[in-house]
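Here the structure comes first, spelled out in structure tokens, and everything after it is commentary.
The values are calculated or read from the model by the stated rules, or taken from the named source; none is laboratory data. This structure is a prediction, so every number in the text was calculated from the model and none was measured. Cβ: placed from backbone, ideal geometry, glycine included. Neighbour counts: every protein chain shown.
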Amino acid sequence: MSSKAEEKAKTTAKLFASGLDEIFPNPSCELDYKSAYELLVAVILSAQCTDKRVNIVTKELFKEYNTPQKMLTLGQEQLEEKIHSCGFYHNKAKNILSMSRDLLKRFGGEVPSNQEDLVSLAGVGRKTANVVLGEHFKKDAIAVDTHVLRVSNRLGFAKTDNPLKCERALNNLFEKKDWSKIHLQMVLFGRYICKSQSPQCDRCKFYNICQSKDKKKLLDFAD
Ligand code: SF4
């Protein structure tokens, strides 16, 4: 990006950040959890699944299986049954059990609070690690999920399908102290306004700065 383009992107990012503060002044994670371990499990379950569905499943699951030790008393098949409705249950169960084994073996059963150790856990990728870091450990991190990636591209903050490149671009545009908040706000904005299939462009306060070719024309202004 040229320095002029970068300056423009930073100005747009500032407008976007202050607009998001108006729409979502106190953003919060929509996954229910009571510990870092529960959050880690919930984030693994949330891949390709709604937070609402995950919360229904974890409400039952965590009644008895809310620590790595307890989770490992379940075998692959038993866990698959319990998380079946979240989809991709075979891999998710495998990852949750491997991650739990790893936690006990290498971290005394505690969820580590740094990215390097988190991503070294079986089944934990960078996005999952960043959610846990930002949400539970209150560290500065932008987790790039499908909503953040889509919104970033539509607004022109990134032009990539690669989550890591997108994360780097966002890190460069937004103040570090705001990273975790921006992540939550972008997820909510993508989930409820800038939706994948039917973005609500007619009620979007970022219409004028949005660079998306897919944005819907504002019919009210057509005449
Ligand atoms: S104008 Fe439409 S596509 Fe652009 S950010 Fe707003 S909702 Fe998304």
Return a yes/no flag: does region 62-73 have any residue that is touching a residue at least 12 places away in the same chain (Cβ under 8 Å), closer than 24 Å to residue 191 by Cβ, out of contact with any Leu (no Cβ under 9 Å at 6 or more places or on another chain) and surrounded by fewer than 14 Cβ atoms within 10 Å (Cβ to Cβ).
no
Odd one out for residue 49, checked against (1) without any contact (Cβ under 8 Å) to a residue 40 or more places away in the chain; (2) touching a Gly at 6+ places or on another chain (Cβ under 8 Å); (3) part of a helix (DSSP H, G or I):
(3)
Screening 140, 102 for residues that are charged (D, E, K, R) and closer than 28 Å to residue 12 by Cβ leaves only 140
Going by what's in this entry, would residue 144 be described as touching a residue at least 12 places away in the same chain (Cβ under 8 Å), surrounded by 20 or more Cβ atoms within 10 Å (Cβ to Cβ) and away from the ligand (no atom under 13 Å from the Cβ)?
yes
Picked from region 151-165 (must be more than 20 Å from residue 24 (Cβ to Cβ) and within 15 Å of the chain's Cα centre (by Cα)), the residue nearest to the ligand (Cβ to nearest atom) is 163
I need the full set of residues from region 196-218 which are of a type in the set (D, E, K, R), under 13 Å from residue 156 (Cβ atoms) and free of Cβ contacts under 8 Å to residues at least 40 places away in the same chain, in order please.
213
Return the residues of region 201-218 that are at pLDDT 90 or above, in contact with a Leu (Cβ under 8 Å, 6 or more places away or on another chain), closer than 19 Å to residue 10 by Cβ and more than 6 Å from the ligand (Cβ to nearest atom); say none if nothing qualifies.
209
